[in-house]
C-alpha cells in the first residue's frame, strides 16, 4: 500500500473523488458499462486512464462479448497504480476492468488515488470465483468502496432462473477445484465458464451443451 503521507495533498475546497465497485456474474455487461462510462466521461473533456487484467482477448484492452473494445493498460501484480497515474497526470478518473484479478495492495492504491488525489475510480469485476468464494480483491473493494452496485442486466441460467454463480467447465463437466484464476472462453483451450443459478451450481447440472 502506498502511504498517504507520500501522496500529493488534495487542494482545499476541491471535489472529493469516489471509489465505486460494479459487480455481477459473467455476461451482465461489466466491460460494456466500463467502455460506455469511459466514452461518456471523455466526451465531457475529462481525462481518464483505462486499466484491465486478464482480458479474454489475451491483449491489453477491454473487450465486451457484444463486440466493443478499447485499448487499456495491462495491470501486472507488481504495478504501482499510484505511480502509474502520476506518470500520466493530469488524470480525472480511472476505469478498472477485471478489478477482481488485481492484488489487494492495488485495491488499496485505488483508494489512495481517490482519497489522496480526488480521482474518481470506477472498478468492475466478478465478486466470486468458480468455487463461489470471493476474490480477495473483490472482498477488499466491498470493504473500501464508497458505492457498490450489482449490475442489473439479467443473466439467466439454462433453466431460466436468474444466473448468480460462475461455473468452470472442463471437458463438459463442472469442476470445483483448481487454480483460482484460469482464463477460459478463448477458443484455444477446453476450459469454459457458464453462469448458473444457485440450485444448478450446487447440483452441478449444466443443462444442454452450449
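The values are calculated or read from the model by the stated rules, or taken from the named source; none is laboratory data. Bear in mind that the values here come from a model prediction, so they are computed numbers and not experimental data.
So residue 100 ticks every box in (1) within 12 Å of the chain's Cα centre (by Cα); (2) assigned to a strand (DSSP E or B) but one. Which box is left unticked?
Single failed check for residue 100: (2).
Does segment 141-153 include one or more residues that are more than 12 Å from the chain's Cα centre (by Cα), farther than 28 Å from residue 40 by Cα and in the same structural domain as residue 25 (by TED's automatic domain parsing)?
There is no residue in segment 141-153 that is more than 12 Å from the chain's Cα centre (by Cα), farther than 28 Å from residue 40 by Cα and in the same structural domain as residue 25 (by TED's automatic domain parsing).
Out of the strands (runs of 3 or more DSSP E) lying entirely within segment 132-210, which hold 3 or more residues that are at pLDDT 90 or above and closer than 24 Å to residue 33 by Cα?
On the way: elements: 147-150, 165-170, 173-175, 191-196.
Counting at least 3 such residues, we get 147-150, 165-170, 191-196.
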